[in-house]
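To keep things clear, I will list the structure first and then write my remarks on it.
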Amino acid sequence: MADLRLEELNATNIVAANSLSLKPGQEQFIAPVTYSAESSVVNPATAWQRVALLKGKVVGFIHGNFDPENPHEEFRACIWRINVDAEVQGKGVGRFLATALAEEAKRRGFDRITVLWEPGELGPEAFFHRIGFVDVGETAYGDVIGALEL
């Protein structure tokens, strides 16, 4: 999808980001984008939030966190969430967003990014594995910790 463009999450595009559609069954793995937007107010120095635009329309959202001093290694350079509109899933939008976050992580001096996901048949595990993340652990709550070496 060569026409994809990255833009910071802002007042103009947040409603569209919050309205991204999901495929049936995915809602159990996703909280509204506004939950992520709230954390950028609480942690503005570490939050990195972007939308993917295709022909001017918001088709994806990513919330990353860059906190090199975090005592938990898996939260130093990570994807907090990634949402891709149901209509364009499987067409490179998620990869585009994850790659943009990885490039930002490299620019900031990180050598890997991480992500946590809840296991489940309709969850994001297959996507993260397809784009290169490998399982490196599990949280006390049963979430998988995945890492991508940069």
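The values are calculated or read from the model by the stated rules, or taken from the named source; none is laboratory data. If you're wondering where the values come from, they're calculated on a predicted model, not measured in any experiment. Every residue, glycine among them, receives a Cβ derived from its backbone with ideal geometry; neighbour counts consider all protein chains shown.
Taken over segment 1-48, the criterion of being in a loop (DSSP other than H, G, I, E, B), at pLDDT 80 or above and within 13 Å of residue 81 (Cβ to Cβ) is satisfied by 9, 20. Counted as qualifying within segment 49-150 are the strands (runs of 3 or more DSSP E) with 1 or more residues that are closer than 14 Å to residue 6 by Cβ and touching an Asp or Glu at 6+ places or on another chain (Cβ under 9 Å), namely 57-66. Please work out which residue is surrounded by the most Cβ atoms within 10 Å (Cβ to Cβ), limiting yourself to segment 71-116 and to residues that are touching a strand residue (DSSP E or B) at 6+ places or on another chain (Cβ under 8 Å) and of a type in the set (Gly, Ala, Ser). Checked segment 71-116; the qualifying residue surrounded by the most Cβ atoms within 10 Å (Cβ to Cβ) is 77.
Beta carbons closer than 8 Å, at least 6 apart along the sequence or on distinct chains, pair a first residue in segment 71-88 that is within 22 Å of residue 111 (Cβ to Cβ) and modelled with pLDDT of 95 or more with a second that is of a type in the set (Gly, Ala, Ser) and assigned to a helix (DSSP H, G or I) for 77/105; 79/98.
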